[in-house]
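Asker: Sharing a structure, written as structure tokens. Questions coming.
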Amino acid sequence: MKIIKNIEQMQKVVANLKAKKRSIGFVPTMGALHEGHLSLMRRAKKENNIVITSIFVNPTQFGPKEDFKKYPRNLKKDAELCKKVGVDYIFAPKAKKMYPDGYKTYISVEGVLTEVLEGKIRPGHFSGVCTIVNKLFNIVLPERAYFGKKDYQQLMVIKKMVSDLNMPVNIVACQIVREKDGLAMSSRNAYLNPQERVKAGILNKMLKHVKACRVQSTGYIVKAKNMVKKIMKEQGIKLDYVDIRDAENFETVKFVKKGCVVLLAVRIGKTRLIDNIEI
């Protein structure tokens, strides 16, 4: 396994691989790797000749009051994990190289998909995500790119960008990897203290409850949201949102049925967590 920090060097490696007809599976990450990331890499290993993962904490997707500076960074530890699962190359560029002085180009997906939920709470977030993913795709030129469903809205935004721009990459959506109590694995879970970590176990239970109790009535969505709000308040958990949307375009739905997704975001102490469940 090789760690490459230079953009031009990464492009030369990719050009050489392409000349040899090697298929490339790409797993973009911000580091602080856990089993969720590793599951993506293992799948990429099965489906491609070469696996490249990027480790880059992208400044353009963080808001001014978010955790960019304290986001965990440990390239040595991450590299050890990547090596164990068979990653061939780690691309770990510096922010100043990805966004040099005078950088002015950003990519946005317009419409409901980026205006609600995460898009509403975190203005500019998805533009930052689309911009960095586009840049990484241009450098790595993968046949397939692997994303987890935990960041479900982000996944749909990336799929829309790839479709609209006719990008020659297949977006592979992978299932959420969870802890024993159902909490979705996330780099931010490490921020939780022991008491907060216990509280976090209720998130997946709430999502499962909403899914299991669905009925075909317009009133159910309102009742389900109110139930979650009530329980979160009782648990001392701040709810940013809970909503039920069409799983593809994120339009509002009148009935809860197959093809919907339940999404929520909460703050436990100072830690913000998101999760979802498909119906």
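Asker: State whether the residues of the range 190-208 include one that is within 16 Å of Ile279 (Cβ to Cβ), surrounded by 12 or more Cβ atoms within 10 Å (Cβ to Cβ), at pLDDT below 90 and not assigned by TED's automatic domain parsing to the domain that holds Pro28.
Answerer: Within the range 190-208 (the criterion being within 16 Å of Ile279 (Cβ to Cβ), surrounded by 12 or more Cβ atoms within 10 Å (Cβ to Cβ), at pLDDT below 90 and not assigned by TED's automatic domain parsing to the domain that holds Pro28), the answer is no, since none of the residues qualifies.
Asker: Moving on to the next point. Of the numbered conditions (1) of a type in the set (A, V, I, L, M); (2) crowded, with 19+ Cβ neighbours inside 10 Å; (3) under 25 Å from Leu113 (Cβ atoms), Leu239 satisfies every one except a single condition; which is it?
Answerer: Result: Leu239 fails condition (2) only.
Quick grid of which residues meet (1) at pLDDT below 95; (2) in a helix (DSSP H, G or I); (3) under 18 Å from the mean Cα position of the chain (by Cα); (4) of a type in the set (Val, Ile, Thr):
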| residue | (1), (2), (3), (4) |
| --- | --- |
| Leu113 | no, yes, yes, no |
| Ser127 | no, yes, yes, no |
| Ile139 | no, yes, no, yes |
| Phe147 | no, no, yes, no |
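Asker: Residues that are not hydrophobic (A, V, I, L, M, F, W, C): which strands (runs of 3 or more DSSP E) entirely in the range 206-278 hold 2 or more of them?
Answerer: Passing ranges, in order: 238-246, 271-278.
Asker: Same structure again: Kindly check whether there is at least one residue in the range 96-114 that is loosely packed, with under 14 Cβ neighbours inside 10 Å, closer than 21 Å to Gln11 by Cβ, touching a residue at least 40 places away in the same chain (Cβ under 8 Å) and not polar (S, T, N, Q).
Answerer: yes
Asker: Same structure, new question: Which residue pairs have Cβ atoms closer than 6 Å, lie 6 or more positions apart in sequence or on different chains, and pair a first residue in the range 159-173 that is at negative phi and without any contact (Cβ under 8 Å) to a residue 60 or more places away in the chain with a second residue that is part of a strand (DSSP E or B) and among the β-branched types (Val, Ile, Thr)?
Answerer: Short answer, once both residue conditions are applied: Lys159/Ile171; Val162/Ile171.
Asker: From the list Lys83, Lys76, which one is touching a residue at least 40 places away in the same chain (Cβ under 8 Å) and either farther than 24 Å from Gly128 by Cβ or in a strand (DSSP E or B) (or both)?
Answerer: Lys83
Asker: If you take just the strands (runs of 3 or more DSSP E) that sit entirely in the range 1-62, which of them hold at least 2 residues that are closer than 13 Å to Leu81 by Cβ and free of Cβ contacts under 8 Å to residues at least 40 places away in the same chain?
Answerer: Filter on the range 1-62 gives 50-55.
Asker: Restricting to the range 15-30, give me the number of residues that are farther than 14 Å from Lys135 by Cα and either of a type in the set (S, T, N, Q) or buried (at least 22 other Cβ atoms within 10 Å of the Cβ) (or both).
Answerer: 4
Asker: Separate question: Determine whether Ser127 is touching a Cys at 6+ places or on another chain (Cβ under 8 Å) and either touching a residue at least 12 places away in the same chain (Cβ under 8 Å) or of a type in the set (S, T, N, Q) (or both).
Answerer: Here the answer is no, as Ser127 does not meet what is asked.
The values are calculated or read from the model by the stated rules, or taken from the named source; none is laboratory data. What you see is a predicted model; the values in this text were computed from it and never measured. No Cβ is skipped: glycine too gets one built from the backbone with ideal geometry, and neighbour counts run over all protein chains shown.
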